[in-house]
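**Q** Okay, handing you the structure first.
Each value in this text was obtained by applying a stated rule to the coordinates, not by laboratory testing. Please read all numbers here as calculations on a predicted model, not as lab measurements. A quick note on method: Cβ atoms are made from the backbone with ideal geometry, for glycine too, and the neighbour counts reach across all protein chains shown.
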Amino acid sequence: MTANNDLITLTAAELSAALISGEVSAVDAAKAQLDRISEVDGELNAFLVTNAEASLDAARKIDERRAAGENLGELAGVPLAVKDVLVTTDMPSTSGSKILEGYMSPFDATVVAKARAAGLVNIGKTNMDEFAMGSSTENSAYGPTLNPWALDRVPGGSGGGSATAVAAFEAPLALGSDTGGSIRQPAALTGTVGAKPTYGGVSRYGAIALASSLDQVGPVARTVLDTALLHDVIAGHDHHDSTSLRHEWPSMAAAARAGAAGGSLKGLRVGVVKQLMLEGVQPGVKARFEESLALLTAQGAEIVEIDAPHFEYAVAAYYLILPAEASSNLAKYDSVRFGLRVTPEGNGTVENVMSQTREVGFGAEVKRRIILGTYALSAGYYDAYYGSAQKVRTLIQRDFSAAFAQVDVIASPTAPTTAWQLGTHGSDPMQDYLNDATTIPANLAGIPGLSLPIGTAAEDGLPVGLQLLAPAYEDARLYQAGAAIEQLITERDGKPFWSQVPSFADALARKAAN
C-alpha cells in the first residue's frame, strides 16, 4: 500500500492508474488528502470547510462500485477541491462572504454534479476573494490564503484557495472560476496549471454570479494532462444555463497526451501581442518568458509580433462592465430571502434592515465595486460608461479575430509579476486591478486561456506563468501546445515543475526569517 506522503504527491493521472489497478483505494486517497489538510492548512487557509464524513463515505462508495466490477470514469476516486463560489449540498457555500455565512444550497452546481457522477470525491471548499472580487485572496471574509512557495506572499486571486490547495499537495485537482484571470493568475503565482474554457463551454449553473458575461468555471491542477482530464469531466451543454454552448467538444486529455508525445510545436504560429508586454513587467518574469519563446523557436515554432491596439483599454472597460453586472447580481442579497440578516435597534424598516445587513455582510472591495457599478448604470451615465465599455469590448474581440487570422495561439506572461507580499496592495486597489491586465482581454472576448509554469524568477525564486490563448472553441489546441511546452520545461529542469515547490518546513522557516 502506498504511504500517505507518496499518495499526495501523485498526479491525478498517476493516482487514477493506482486506483484502477487496486494498488490504492479511494478511501486511502481521501484520507491522505484530509490528513494533509489537517497538517498544513491551519497555516495556509486554503480551505474554508471540509466534511470528512461525507468525503470518506463518497470514497467508500466508489471502492464498492469498483469492487463490484462497475465501469467507472478515469478520475473515479480522485479527490477534488471546490472553490466556494460553486454551490454544494454537503458543505456550506459562502462565496467568501459573511453575508452567506453558513448557507447550505439545496442543489449542486452542474460542474460539481458532473464531478460526482464521474466519481471524483469532494474533499472541501476553498477560500476565495469575496464574491470573486480581488486578485490576491486577501479580500475573503474568512482571512487571506497564503502562497505555499512563500508564506509571506499572496497566492493570487480570486481563486487563491484552489491554487494553493493544489500547489501544497492538499488536493490533486480543484475547480475554480475565472472572471478576469481568477484561475490563470493564481496558477501563475503558485506554480500550478489553470484553464479558462471558452465562454459557455462549461456550465455556470450553480456558480454564484459576479459578472455573468465574464464568469467561466474551469479546472486547476499540477500538470496540463490533469487539467485536461478534469476539463473533460465538466465540459458540455447544460440546459440549466442559457449561455451554455451546444458543441461537441473533443477530448482535452487526448490533446494533452498528443502534445506531450512531441512534434506538436513544429510550424505552430505563436503570436506575441506587444500590448500584453506591459511596462513594469518584472525582469525575472520577462526573462523566463523570453526563454520560453526561445524553446518554442528551437522546436520549430514561428514567433509573430501582433498589434492589438484596443487591448490597452481592456482594464478600463473590464472595470466598468464587471462592477455594473456585479451591482445587478448582488442585489438579491437583500436580507429577506436568504443569507445574513441584521436587524437595527427598534427593528426598523425593510430598507433599514437591508442597509444594515449589507453594511455588515459585505467587505470593502465588494462595496467599492457595487457603488461603481450602480453609478455606471445610473440614468444619464449608462451610455457614457457601461455602453462605451461594451463598445470597447467589441473592438477587443475584433483585435483577437485579426490576430488569430495570423497565428494559432497567443503567448504572454500570465501575470506581470511574481507573487507579491501580503498587505502591500491594500491601500491601492489599482495595483491589484493592473495585475490582471494580461488575463482580462480573454474574458472580454470569451476565448479560452491556459496558464502553465515555466520556471522561477531569478530575483525571488517564485513561480512564473506562461499564458496561452486560442480562438473560441479551440480549447484542445491550448492543451496540446501546453503539454508540449510543459514537456520541454521538464526536460530543461530535469524534473516536473510542481515537484520543485519548497517543503512546508522550508516555507515556515522563510516566513519566520522574514
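**Q** Convert 20 °C to kelvin, take the viscosity as 1.002 mPa s, use the Kirkwood radius over C-alpha pairs of segment 6-117 as Rh, and evaluate the Stokes-Einstein diffusion coefficient in µm²/s, rounded to a whole number.
**A** 143 µm²/s
**Q** Positive end of the charge dipole of the chain (Lys, Arg +1 and Asp, Glu -1 on Cβ, about the Cα centre): tell me which of Asn514, Leu293, Pro448 has its Cα farthest that way.
**A** Comparing the listed Cα positions along the dipole, Pro448 ranks first.
**Q** If the cut-off is 17 Å between C-alpha atoms, which aspartates and glutamates fall inside it for Lys332, apart from same-chain ones fewer than 8 positions away?
**A** Glu101, Glu130, Glu351, Glu359
**Q** How big is the Rg/Rh ratio for the chain, C-alpha atoms only, Rh by Kirkwood, two decimals?
**A** Details: Rg = 21.6 Å, Rh = 22.7 Å.
We get a ratio of 0.95 for the chain.
**Q** Full extension from Ala364 to Arg60: what is 0.36 nm times the residue separation minus their Cα-Cα distance, to one decimal in nm?
**A** Roughly 105.2 nm would be gained on extension.
**Q** For segment 262-355, what does the relative contact order come out to in percent, with C-alpha contacts under 8 Å and a separation of six or more?
**A** Dividing the mean separation by the residue count of segment 262-355 yields 28 percent.
**Q** Another question about this same structure. Would you list which aspartates and glutamates come within 16 Å of Lys196, measuring only between C-alpha atoms, while excluding same-chain residues fewer than 8 positions from it?
**A** Qualifying aspartates and glutamates at Cα under 16 Å: Asp178, Asp215, Asp226, Asp232, Asp436, Glu474, Asp475.
**Q** Compute, for the chain, the length of the dipole vector about the Cα centre, with Cβ point charges of +1 (Lys, Arg) and -1 (Asp, Glu) only. Units Debye, rounded to 20. Provide the component values of the computation, followed by the final result.
**A** Working: 38 positive and 57 negative charges, 118 e Å.
The calculation lands at about 560 debye.
**Q** Right, another one. Could you tell me the distance between the Cα centroids of segment 344-365 and segment 465-514, to the nearest Å?
**A** Value for the Cα centre distance between the two parts: 44 Å.
**Q** Rounded to whole Å and ordered largest first, report the semi-axes of the equivalent ellipsoid of segment 202-354 derived from its Cα gyration tensor (root of 5λ).
**A** Over the Cα atoms of segment 202-354, the ellipsoid semi-axes are 42, 24, 15 Å.
**Q** Using Cβ counts within 10 Å as a stand-in for footprinting exposure, how do Ser451, Ser499 rank, fewest first? Walk me through the intermediate numbers first.
**A** Values: Ser451 34, Ser499 10.
Fewest-to-most ranking of Ser451, Ser499: Ser499, Ser451.
**Q** Rounded to the nearest 0.05, what FRET efficiency do Ile20 and Thr89 give with R0 = 30 Å and r taken as the Cβ-Cβ distance? Could you check?
**A** So the FRET efficiency works out to roughly 0.60.
**Q** To continue, here is another question. In the structure shown, do any of Lys274/Lys391; Lys125/Lys367; Lys98/Lys125 have a Cα-Cα gap over 18 Å, and if so which?
**A** Pairs exceeding the cut-off: Lys274/Lys391; Lys125/Lys367.
**Q** From Cα pairs below 8 angstrom and at least 6 apart in sequence, can you work out the relative contact order of the chain, rounded to a whole percent?
**A** 17 percent.
**Q** Relative contact order (percent) for segment 1-157, with alpha-carbon contacts under 8 angstrom and 6 or more residues of separation?
**A** About 23 percent, as a whole number.
**Q** If you don't mind, there's one more thing I want to ask. Starting from the Cα of Lys332, step 7 Å along the direction of its Cβ; do the same at Arg492; then give the gap between the two resulting points in nm.
**A** Here the answer is 4.5 nm between the modelled labels.
**Q** Moving on to the next point. Of all DSSP beta bridges in the chain, what percent run antiparallel (nearest 5)?
**A** 65 percent
**Q** If all Cα-Cα distances of segment 132-254 are sorted into 5 Å bins from 0 onward, what percent lands in each bin, rounded to whole numbers?
**A** 2, 13, 22, 23, 19, 12, 6, 2, 0
**Q** How much length is gained on full extension from His240 to Ser212, taking 0.36 nm per residue of separation minus their Cα-Cα distance?
**A** Full extension of this stretch gives 8.7 nm more.
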